[in-house]
1. What number of residues in the range 91-122 are within 19 Å of Ala59 (Cα to Cα) and surrounded by 12 or more Cβ atoms within 10 Å (Cβ to Cβ)?
2. (1) exposed (fewer than 10 other Cβ atoms within 10 Å of the Cβ); (2) at pLDDT below 75; (3) not hydrophobic (A, V, I, L, M, F, W, C): which one isn't true of Ser11, the others all being true?
3. Among Asp70, Asp94, Asp65, Asp58, which is modelled with pLDDT of 95 or more and at positive phi?
4. Just wondering, is there one or more residues in the range 129-136 that are in contact (Cβ under 8 Å) with a residue 40 or more places away in the chain, over 17 Å from Tyr54 (Cα atoms) and either in a loop (DSSP other than H, G, I, E, B) or in contact with a helix residue (DSSP H, G or I) (Cβ under 9 Å, 6 or more places away or on another chain) (or both)?
5. Only one of Val126, Val82 is surrounded by fewer than 17 Cβ atoms within 10 Å (Cβ to Cβ), in contact with a Pro (Cβ under 8 Å, 6 or more places away or on another chain) and farther than 17 Å from Val26 by Cα. Can you tell me which?
6. Quick one: Ser50 ticks every box in (1) modelled with pLDDT of 95 or more; (2) touching a Phe, Trp or Tyr at 6+ places or on another chain (Cβ under 9 Å); (3) on the phi > 0 side of the Ramachandran plot bar one, so which box is it?
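The values are calculated or read from the model by the stated rules, or taken from the named source; none is laboratory data. These numbers were taken from a predicted model, which means no experiment stands behind them. In this analysis, Cβ positions are derived from the backbone assuming ideal geometry, glycine residues included, and neighbour counts consider all displayed protein chains.
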Amino acid sequence: MKRLTLIFPLSIALLTSCDHDKFRPVGGKGGSASIMVYPQHHGDPTALDSVTMYIKYDALDAPADGKYDDSVSWVPGSGGTVPNGTFTGLWNGDYYLFARGYDYNVAQRVRGGLPFTVKAQQSHSVTLPVGEESGF
């Protein structure tokens, strides 16, 4: 009986001290979620040309070293009239999305990025605003 009185409180302490509520999903490949990215400049996607979209796994900020985990390119005629790119096979978690391209209406290169969190294993659609950027 003494053993039982020692084992029971010890078991309760071990079970209640777990960090289940502190679990944070880690973004990356292997799931069934997807993110469809739609870059837009001044709310207009149709003036964009030759856009490359990038994704950084498990991040909410642009990588300091400029290295992304995956990329997809869009050129006119490669998939409709609106620039877009899809990243598939993703887990729930945090991602940083970035795009760069050329806007022929203003004759300048454009780029921009934003964080995105996948919370469900489904398809997600994200509008990614880009702006003029000098020196890249």
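1. Qualifying residue count, the range 91-122: 19.
2. Among (1) exposed (fewer than 10 other Cβ atoms within 10 Å of the Cβ); (2) at pLDDT below 75; (3) not hydrophobic (A, V, I, L, M, F, W, C), Ser11 violates only (1).
3. Asp58 is the lone residue from the list that is modelled with pLDDT of 95 or more and at positive phi.
4. Looking for residues that are in contact (Cβ under 8 Å) with a residue 40 or more places away in the chain, over 17 Å from Tyr54 (Cα atoms) and either in a loop (DSSP other than H, G, I, E, B) or in contact with a helix residue (DSSP H, G or I) (Cβ under 9 Å, 6 or more places away or on another chain) (or both), one finds none in the range 129-136, hence no.
5. Unique residue meeting the criteria: Val82.
6. Among (1) modelled with pLDDT of 95 or more; (2) touching a Phe, Trp or Tyr at 6+ places or on another chain (Cβ under 9 Å); (3) on the phi > 0 side of the Ramachandran plot, Ser50 violates only (1).
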